[in-house]
Amino acid sequence: MQNLTKSNTNKSIPNISSPTPAIFFDRDGVVNIDDEYIYKIDDFVYVNGFLELFKECKIKGYLLFVITNQSGIGRGYYTLSDFLKLSDFMQEDLMKKFSFCFDKIYFCAHKPQENCTCRKPKAGMIEQASSEFNIDLASSYIIGDKESDIEAGINAKIGTKILFSKVAFKKLSKENSKYEDNKISKADFIIDNLYKANSIIKVLN
Ligand SMILES: [Zn+2]
């Protein structure tokens with residue numbers, strides 16, 4: 001029989017098996033400004049409000065993931081190595097700024113016509129994250145700038161879907177319809193700037 005030391009009888013050991021909620025960020029248009037098939041470090045510019053939101057989500061206790069369709073690889077517009085180089089740059093830059101970065105970056109390199117299981121609106125990337133991390137999906141959020149992000153969130157049973165789109169937001173205010181009844185998006189929230197996401201995302205206990 002093993003001798004129990006003081007440290008491993010400590011009752012305050014956290015329950016590492018309890019699932020943690022996550023924030024799933026689309027990349028182009030949410031993390032960085034979407035200028036069609038971004039793959040060069042020089043063209044990588046953070047979206048206004050992203051860095052503040054990213055920091056807040058970490059403080060609030062969420063796991064942080066990128067889930068991004070990168071068909072530019074499959075289409076031959078840039079290479080897998082270009083994508084990985086830019087991902088490394090982004091992670092190192094976040095690390096320098098905050099001493100943390102995304103917990104993992106998930107990407108789909110396929111062309112739409114390849115009909116893979118990972119390309120959003122399919123749930124493959126989120127399901128993969130869920131198999132690698134212990135994620136409480138119902139308490140998780142997805143933030144994307146396209147309806148396919150919202151649909152991926154629905155398909156993966158993510159609790160809260162946030163559409164970040166100035167165009168959709170404008171349409172919504174014009175339509176002046178009740179938020180829940182709008183036909184613009186299946187999202188739970190439509191926002192026109194990322195700072196608004198901060199007040200939507202709850203602080204974890
Ligand atoms: Zn794919």
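For this structure, a couple of remarks:
- Of all residues making up region 61-104, the number that are hydroxyl-bearing (Ser, Thr, Tyr), crowded, with 17+ Cβ neighbours inside 10 Å and touching a Phe, Trp or Tyr at 6+ places or on another chain (Cβ under 7 Å): 2
- Any pair with Cβ under 7 angstrom, 6 or more apart, that starts in region 108-135 at a residue that is closer than 15 Å to residue 148 by Cα and free of Cβ contacts under 8 Å to residues at least 24 places away in the same chain and ends at one that is among the small types (Gly, Ala, Ser) and within 9 Å of the ligand (Cβ to nearest atom): 117/124; 118/124
- In a residue-by-residue description of region 94-110, the property of being near the ligand (Cβ under 9 Å from one of its atoms) and either among the hydroxyl-bearing types (Ser, Thr, Tyr) or farther than 13 Å from residue 26 by Cα (or both) applies to at least one position.
- The set of residues in region 117-167 that are buried (at least 16 other Cβ atoms within 10 Å of the Cβ), within 16 Å of the ligand (Cβ to nearest atom), of a type outside the set (A, V, I, L, M, F, W, C) and part of a loop (DSSP other than H, G, I, E, B) comprises 119, 120, 121, 122, 146.
- All conditions in (1) within 16 Å of the ligand (Cβ to nearest atom); (2) in a loop (DSSP other than H, G, I, E, B) hold for residue 66, with the sole exception of (2).
- Hits in region 32-63 (condition: outside any loop (DSSP other than H, G, I, E, B), more than 26 Å from residue 137 (Cβ to Cβ) and modelled with pLDDT of 95 or more): 46
- Region 170-202, subset part of a helix (DSSP H, G or I) and touching a helix residue (DSSP H, G or I) at 6+ places or on another chain (Cβ under 8 Å), residue modelled with the lowest pLDDT: 179
The values are calculated or read from the model by the stated rules, or taken from the named source; none is laboratory data. Since the structure is predicted, the reported quantities are computational estimates derived from the model, not experimental observations. Positions of Cβ are generated from backbone atoms using ideal geometry, with glycine treated the same way; all protein chains shown enter the neighbour counts.
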